[in-house]
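Please treat every number below as a calculation from the coordinates, not as lab data. Only a predicted model underlies this, so the values are computations on that prediction, with no experimental measurement involved. Every residue, glycine among them, receives a Cβ derived from its backbone with ideal geometry; neighbour counts consider all protein chains shown.
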Amino acid sequence: MPANLPPEYYKLKHELEAASTDEERLQLLEEMTRITPKHKGTEKVRADLRSRISKLRKTSGKKQSKKGHSYHVPKQGAGQLVLIGTPNVGKSQIIASFTKANPVVSPTPYTTQEPGVGMLQYENIQFQLVDTPPITQDFVQPWVFDLVRNADLVWLVVSLASDEILDQVEIVESRLTEAKIQTTGVKEAANDADEMLEANFTKTTLLIANQADEDGAVDRLEILQEFYGEQFQIYPLSAITGEGLDRLQEVVYQQLGISRVYTKSPAKSVDYEDPIVLPNGSKVIEAAMALHKEFAQGFKSARIWGTNWYDGQTVSRDDVVYDGDVLEFHL
Ligand SMILES: Nc1nc2c(ncn2[C@@H]2O[C@H](COP(=O)(O)OP(=O)(O)OP(=O)(O)O)[C@@H](O)[C@H]2O)c(=O)[nH]1
Ligand SMILES: [Mg+2]
């Protein structure tokens, strides 16, 4: 009986031959297993895949514990931003340049194979940037979508140095659609009702046009605007010169929908270095909770300073706090 393997199988097989780490090999073999139809004709193929997987697992012992190679990156800081895109657009370079993390950056594609994390300082808070392996037409690590689903905001990174810039958006978009994830630009929600219904997840996505320092970037940015300017807000950026970063950070802050409030003790000055970060619309009691759970139960009253209040106005626990407010709790 013929095996009749799907074309994708051969693509993966090809990638397997080129793979340089056991981790990669294991992921590819697992993917090959997943897409191999289960019938008599494929018995031999499946047995072979199984034995190769089990051999690899034995040699890379601890990796076995990463069940199904799913990754979860615990959230840190004021918001988690997941960077996705096709190979070589500069996802890792962004993290290497703007955070203290040192992911491998390289002109060869498929450099990144595991998630990486770096903290991006913005004023007195930090955003968590998460690096991911590339998404291509042929292959994507399925767990990249888990990271996307869990993200507070997605950066779809493309390269202004590449003539394939439109394809770079298209490829990622179609992969996300397959995973039933709908991207939403900042300006307006997606207007394709059918697509919306099918999508389980809607993710606010910024289109990051990286490598803005490269030749031809201005022209390509225009093309990108023309094709995708309605759907996404586009932010030109250079991971090398830093151009575009300030504006992008402000937008991220806005998009995360968060407020910073500060606390002070009576007769002491405010510590503006250490804000409490809360979702917009949070209440006084939630600020107290964030400060200290027991404290939140115990405080009798609070005074507040800010643009919406008289100086030192007394507030109740259910009053909403605003960005920049200063709270003073009384026990
Ligand atoms: N001139 C210029 N080069 C950049 C910029 N960003 C990245 N690069 C270069 O582009 C190449 C690819 O960068 P990476 O950060 O490794 O790309 P990646 O998207 O992480 O690639 P994969 O891990 O394969 O998905 C490297 O040589 C970087 O130095 C940029 O803003 N300007
Ligand atoms: Mg990378």
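3J(HN,Hα) along region 236-246: x, 8, 10, 6, 8, 8, x, 4, x, 5, 4 Hz, from the Karplus curve 6.51 cos²θ - 1.76 cosθ + 1.60 with θ = phi - 60°, whole Hz, x for Gly and Pro.
Going by average Cβ neighbours within 10 Å, how do the peptides 251-260, 12-21, 92-101, 203-212 rank, with the highest at the top? Mind dumping the intermediate values first?
Details: 251-260: 17.6, 12-21: 14.1, 92-101: 20.1, 203-212: 24.1.
Highest to lowest by the protection proxy: 203-212, 92-101, 251-260, 12-21.
Annotation: amide H-H contacts under 5 Å for Leu237 (H modelled 1.01 Å from N, sequence separation of 5 or more, or interchain): Ala209, Asn210, Gln211, Ala212. Amide H to amide H distances under 5 Å link Thr184 with Lys203, Thr204, Thr205, where only residues 5 or more positions off or on other chains count and H is placed in the peptide plane.
Expressed to the nearest 5 percent, the antiparallel share of DSSP beta bridges inside the chain is 45 percent. At the listed q of 0.16, 0.18, 0.24, 0.29 Å⁻¹, the Debye profile of region 7-67, built from one uniform point per Cα, gives log10 I(q)/I(0) equal to -0.50, -0.63, -1.03, -1.29. Site pair Asp323 and Ala47 shows an inter-label distance of 6.4 nm when each label is modelled 7 Å from Cα along Cα→Cβ.
Could you work out the relative contact order of region 70-256, using alpha carbon pairs under 8 angstrom and six or more residues apart, expressed as a whole percent? Don't skip to the end; give the middle numbers.
On the way: 373 pairs, mean separation 41.0, N = 187.
22 percent.
In this structure the amide hydrogen of Val117, modeled in the peptide plane, comes within under 5 Å of the amide hydrogens of Asp131, none closer than 5 places in sequence on its chain.
Taken as Cα centroids, region 121-187 and region 253-331 sit 35 Å apart, rounded to the nearest whole angstrom. Label-to-label distance for Glu114 and Gln225 is 4.2 nm, based on points extended 7 Å past Cα in the beta-carbon direction. Fully extending the segment from Asn4 to Leu331, taken as 0.36 nm per residue of separation minus the present Cα-Cα distance, adds 110.4 nm. With the simple spin-label model, which puts each label point 7 Å out from Cα in the Cβ direction, the Gln313 to Ser265 separation comes to 2.7 nm. Put a plus charge on the Cβ of each Lys and Arg, a minus charge on the Cβ of each Asp and Glu, and nothing anywhere else: the dipole of region 258-330 about its Cα centre is then about 200 debye.
Converting phi to 3J(HN,Hα) with the Karplus coefficients 6.51, -1.76 and 1.60 and the offset θ = phi - 60°, region 85-96 yields x, 6, x, 6, 7, x, 4, 5, 4, 4, 6, 5 Hz in sequence order, with x at every glycine or proline.
Of Lys13/Lys91; Lys13/Lys38; Lys75/Lys203; Lys203/Lys283; Lys180/Lys203; Lys38/Lys58, which pairs sit farther than 22 Å apart, going by alpha carbon to alpha carbon? In this structure, Lys13/Lys91; Lys203/Lys283; Lys38/Lys58 exceed 22 Å between Cα atoms. Across region 162-175, coupling constants 3J(HN,Hα) worked out from phi with the 6.51/-1.76/1.60 Karplus curve, θ = phi - 60°, read 10, 6, 8, 4, 5, 4, 4, 6, 4, 4, 5, 4, 6, 5 Hz, and Gly and Pro carry x.
For region 70-256, the share of DSSP beta bridges that are antiparallel, to the nearest 5, is 25%.
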